[in-house]
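Inspection log for the structure reproduced underneath, given as C-alpha cells.
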Amino acid sequence: MCLAALLTSCASVPTGGPIVAGGGGENGRGHQDDYVRLLPAGPQQDVGEERLVRDFLRDMGSLEEDHRAARLFMTGDEQRQWRPNGTVLVYDEIRDADFTVSTAADGESATVRMRADQVASIDHGGQYLPVDKGERIDTVFTLAKAKGQWRIADLPDELLLSRRDIDRVYRPLNLYYFNQDDSTLVPDPVFIPASTEEIPTRLVRMLVNGPTEWLAPAVRTAFPKDTKVAVASSGGRVTVQLRSTGGSPDQGESFRMGAQIAWTLRQLAEVQEFTVEVNGEETPIPGGQDGVQQVSGRLWDSVNPSVGSDSEHAYFTREGQLWSLSAGSGKQNADPVPGPAGAGSAPLEQYAVSVREGLVAGIDAAEKDSTSVLVADLSDGSEYRTVLKDGDYTSLSWDGYDNLWVVQDLGSGADSEEEREADSAADDTERGPERDPADPAPPDERADDDPESGATRLWQVDDGKPTRVEAPELDDRTVTRLRASRDGTRVAVLLEEDDTSRLYVGRVTEHDGEVRLDRFKPLGSDLTEVTDVAWRGADQLAVLGKRGGAVLGYLVRLDGNAESTSASAPPGADMKTIAAAPGQPLLSGAEDDRIWMTNDRVTWQRITDGTNPVYPG
C-alpha cells in the first residue's frame, strides 16, 4: 500500500504544451508511426493580447478534430464561422516574428499585427511552394473580450504554421502522372496532413482529382476529368471505385490507371494491394489475381519514373577522348567509346550522352570567338554533325525523347541588328544562295526579327533541327547549367544571382509546336552556392554546393521543404563536377583529374583517371 501511494504521488497530467511522439494510435496504421503529436495547452487565464496570439499560433499546429485546439482561442461566433481555405503560409520560427499590439481605449477590443519572414506556402492541392527571400507574412488578428478574457474575433483564412510544424504534422508524398507520350510516370510532390484523415484514401482521391496546378500542363492522367471516386482502406488493401460518363476503359486505359494508383500507393508501407472498379465493373488490368493488384508488382516496372537500368554506363573524358565505364566495377572496364568522340577528333569542351546511349553531343571550341554544338552516333564510322554554330554555348543535356537541350550565353545582350545583318551577308558570301540544308544557319538567322535583350537563349535540338525554347523568366538571367529530366517534363537550372549560383526547377510545356519553360521554383535554399547539378531520380537532384565552408555533394528533394542531405566529398580532393543517375552510385570529377565514386554518400573511392564524369542524360 505504501509503494502504491508513493507511485501515485509521482504521476501527474501535463497542463502545458509539450511535444510527444505518437505511437500510431489504436489502429496501428504504419503512416502514423513517426507522426509527432502536439498536446495543445489551450488559452491560458488572464494573458495579454500578444501572448494570446503567440499561444494560438503554437496550438495551430494541432490539426486534429477540425482544428479544435485553435478554435478554443476564438470567440463563439468565430469558432462557428472560421473555415480555413486550404492554404498554409509557412514561416521559419515564431520567436523571430514581430508583433504590434493596438488596444482600444475601452480595453474591450484590440488588434495584433504579426509579421514574419515567409519561407513557403502550401496550396489547397498540397503543393509546397518555396518563396523568394524577402517575402513577408503580414497579417492582423482582431481580438475582443469574452467573459473578461481576450479571444480572437477575426483572423486570416490561411493557416499560419512554422517550418517545424510542417515537418511534424505533414507528410511529403508523391502523386504519379504520365509524361506526354504515356511512356513514363512523373512524380508530383504533395504534402498531406498526417493527422486528419486516412492517408491512403486521401492520397488516391487527390490522384484522381488531378495533378497540382504547377505540374498539370506538363503531364497527362488516365482518369477522365469527370471521374468521381470513392476509396476505402482496410487490412492492407485499398478499394478504389470510380464513376465516369466515359464508359468502361479499354485494357490500355485500365493499365495506366492501375499504374498511377500502384506507384502512388507503394509509398505507404501499410498498403500491399488494391482493387479498381469503374462504373461498378472490375477493370481488366492484366496480371492481377481475382481483380486484386499488388502495389509493388513487376507489372508496373515498364513505366518506372526513374527511367534507369542496371546496365547503364558512366562516361568521362581523358586526353580529349570520351570513355565509358561500368561505374560499379571501376577502371578495368573503361574503354574509349566508338566513333569520333572516342577518337578525340575534335577539341570538345563538354559532352552529353543521350539517355538511350546512342548519341553524343559536344561543344566544339575550335573557333576563336565562338563555339559550335556537334552531335554524332556512338558507333564506328560515324561523324560529327553541326547542329548549332556561331554562338557561345555553355551547357548540354538530353531528355528521354532524344531531344538535346542547349544553353547559349548572350553575354551583355543579343547581337545588334547591324551585327545580324553583317553575319547574314557574310554567310551568303561564303556559301552562296544554295546553302546546304544539312548545314544549320547561325542562331541569329533563326531568331525573331525584332532585337531583344537578355543574357541567355535556350535551344532544343530534335533530330538535328534546332528550335528556340521560350523561357521568359530566364531571358535576363545567366544560366550556368541546365539539366533536363529523363521524362522530359522538367528542367533543373543554375542561375547566377548576386555573385553566386542558385538552384531552380521549371516545367516543360508545349503549345502549337512551341516549347516553353516557365514557373521556376527555388530549391536548396539552405545552400549558399551551387556549382553543378544532376538528376539522381525523378524526384531528387544531386548538386555540388556549399553550406558553410567547403564544397560538398548534396541531395535535394524536389518537394522544396527538406534541408539538403550531405553526400560528403572525396578525401583530399576538390570536387569540380557531380554526376548521378537512378540506381547508380554518385560520381565526381576532381581538380586532380581523377574520378571518384560513392555508393553510400559517406565513403568515396578513386576509380580512374579522367575528368567530367557524366551519366546518360
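Of note:
- The residue of the range 353-369 that is nearest to W398 (Cα to Cα), among those that are surrounded by fewer than 14 Cβ atoms within 10 Å (Cβ to Cβ) and charged (D, E, K, R), is R356.
- Residue satisfying all of: in the range 585-601; closer than 20 Å to V530 by Cα and without any contact (Cβ under 8 Å) to a residue 60 or more places away in the chain; most open to solvent (accessible area, probe 1.4 Å) among these: E591
- Summed over the range 373-409, the residues that are open to solvent by 20 Å² or more (accessible area, probe 1.4 Å) and either farther than 24 Å from P582 by Cβ or more than 32 Å from the chain's Cα centre (by Cα) (or both) give a count of 14.
- The residue pairs whose first member lies in the range 270-299 and is in contact (Cβ under 8 Å) with a residue 60 or more places away in the chain, whose second member is open to solvent by 80 Å² or more (accessible area, probe 1.4 Å), and whose beta carbons are closer than 8 Å, counting only pairs six or more residues apart or on different chains, are V271/R237.
- Taking the range 362-395 as the range and being touching a residue at least 60 places away in the same chain (Cβ under 8 Å) and either closer than 29 Å to R536 by Cα or of a type in the set (F, W, Y) (or both) as the test, the residues that pass are V373, V375, V387, L388, T394, S395.
Results for (1) closer than 22 Å to E93 by Cα; (2) modelled with pLDDT of 50 or more; (3) of a type outside the set (A, V, I, L, M, F, W, C), shown as yes or no for each residue.
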{"site": "G17", "(1), (2), (3)": "yes, no, yes"}
{"site": "G23", "(1), (2), (3)": "no, no, yes"}
{"site": "E26", "(1), (2), (3)": "no, no, yes"}
{"site": "R37", "(1), (2), (3)": "yes, yes, yes"}
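- Matching residues in the range 159-210 - criterion: being over 21 Å from H67 (Cα atoms) and acidic (D, E): D181, D182, D188
- Considering residues of the range 494-516 that are farther than 15 Å from Q180 by Cβ and in contact (Cβ under 8 Å) with a residue 40 or more places away in the chain only, the residue surrounded by the fewest Cβ atoms within 10 Å (Cβ to Cβ): V505
Results for (1) farther than 30 Å from V186 by Cβ; (2) of a type in the set (F, W, Y); (3) modelled with pLDDT under 95, shown as yes or no for each residue.
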position: Q540; (1), (2), (3): no, no, no
position: L544; (1), (2), (3): no, no, no
position: S564; (1), (2), (3): no, no, yes
position: G572; (1), (2), (3): yes, no, yes
position: P582; (1), (2), (3): no, no, yes
position: G589; (1), (2), (3): no, no, no
position: D592; (1), (2), (3): yes, no, yes
position: V614; (1), (2), (3): no, no, no
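- Every residue from the range 598-617 that is assigned to a strand (DSSP E or B) and more than 26 Å from the chain's Cα centre (by Cα): Q605, R606, I607, T608, D609, T611
Residues are listed down the side, and each one gets a yes or a no for (1) in contact with a Gly (Cβ under 9 Å, 6 or more places away or on another chain); (2) more than 20 Å from A562 (Cα to Cα); (3) without any contact (Cβ under 8 Å) to a residue 60 or more places away in the chain:
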| position | (1), (2), (3) |
| --- | --- |
| L129 | yes, no, no |
| A144 | no, yes, no |
| K147 | no, yes, yes |
| R163 | no, no, no |
| R171 | no, no, no |
| N174 | no, no, no |
| N179 | yes, yes, no |
| D182 | yes, yes, no |
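- Of all residues in the range 529-584, those satisfying the criterion of being open to solvent by 30 Å² or more (accessible area, probe 1.4 Å) and at positive phi are G548, G572, G583.
- Every residue from the range 90-134 that is within 30 Å of Y176 (Cα to Cα) and among the acidic types (D, E): D92, D123, D132
- In summary, strands (runs of 3 or more DSSP E) completely within the range 56-141 and bearing 3 or more residues that are more than 30 Å from the chain's Cα centre (by Cα) and buried (at least 20 other Cβ atoms within 10 Å of the Cβ) occur at 109-122.
- Of all residues in the range 462-491, those that are over 13 Å from Y504 (Cβ atoms) have Cβ atoms under 8 Å from Cβ atoms of residues that are part of a strand (DSSP E or B) and open to solvent by 60 Å² or more (accessible area, probe 1.4 Å), 6 or more apart or on another chain, in G464/R385; V469/R516; E470/E514; E470/R516.
- Qualifying residue in the range 224-236 (condition: of a type in the set (D, E) and closer than 17 Å to V271 by Cβ): no
- Near pairs, Cβ below 7 angstrom, 6+ apart or cross-chain, from the range 233-262 (closer than 14 Å to E281 by Cα) to any residue that is outside any loop (DSSP other than H, G, I, E, B) and open to solvent by 70 Å² or more (accessible area, probe 1.4 Å): R243/K228; S248/E281
The values are calculated or read from the model by the stated rules, or taken from the named source; none is laboratory data. For clarity, every value in this text was computed on a predicted model and none was experimentally measured. A quick note on method: Cβ atoms are made from the backbone with ideal geometry, for glycine too, and the neighbour counts reach across all protein chains shown. Side chains included, ligands, DNA and RNA excluded: accessible areas come from the protein's heavy atoms. Shrake-Rupley method; radii C 1.70, N 1.55, O 1.52, S 1.80 Å.
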